[in-house]
Amino acid sequence: MTDFKSPTLLTGDSSRATFITTIKFTQQGIKSIDESTQRAAALKADGKKLGVKITDIYWTLGDHDGVLIFEAADDETATTLLLNLGAAENVHTTTCRAFTAAEMDTIVAKVHVEWEWTGRCRYLRWEASDRGNEESQSDMLTPVVGSKADGVHLVVPVPRAPKKSK
């Protein structure tokens, strides 16, 4: 088990959502790379005006040129910040919502059905079938139980009956 001791993860405001954004420089961003830290400072100021707390900005090596970690009250506020950032045309971004361990515990507690793996699989292949009604004359794909030798397209685990929720 990993022991997460990042101050950002431990001190986050629980009423705010955490977002992690990867950044890639555009050609324009590379040409003006010497202004990158000033643009980061301006982003922090813009974020503050929107009520966004930018907790960390890192310049990185590898597939991405940087990582931005921030907290916002909602998805709309986060999107506003990122659209403002993208409008300057210096970076391309990819963002995901991040959850703390406490947030994940809350989410997982809402999962009602528990499945137990039986060790068996059902093999499905897809066949076109006519629905046979007058409203729709189009064919649709339907799953058909097959075997491994049938040219399987999808393997579906066969679960045991759900456990009773407490």
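The numbers here are math on the coordinates, done by the rules we state, and not lab data. This is a predicted model, so every value here is computed, not measured. Note that each Cβ is placed from the backbone with ideal geometry, even for glycine, and that neighbours are counted across all protein chains shown.
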Practice task
Pick out, from 42, 70, 55, the residue whose Cα sits farthest towards the positive end of the charge dipole of the stretch 37-76, with +1 on the Cβ of Lys and Arg and -1 on the Cβ of Asp and Glu.
Solution key: 42
Problem - Rough spin-label spacing in nm, given labels placed 7 Å along Cα→Cβ, for residue 93 and residue 15 - result: 2.3 nm
Exercise for the section: Loop only per DSSP, at most 12 neighbouring Cβ atoms within 10 Å: give me the GluC sites (Glu not before Pro) in the stretch 36-116, ordered by residue number. Expected result: 89, 114, 116
Fill in the blank from the handout: Residue-ordered couplings for the stretch 26-40, obtained by feeding phi - 60° into the Karplus form 6.51 cos²θ - 1.76 cosθ + 1.60 and rounding to whole Hz (Gly and Pro as x), are 7, 4, 4, x, 5, 4, 10, 4, 5, 9, 4, 6, 5, 5, 5
Completion exercise
Each label sits 7 Å from Cα toward the beta-carbon; between residue 56 and residue 35 the label points are separated, in nm, by 2.8 nm
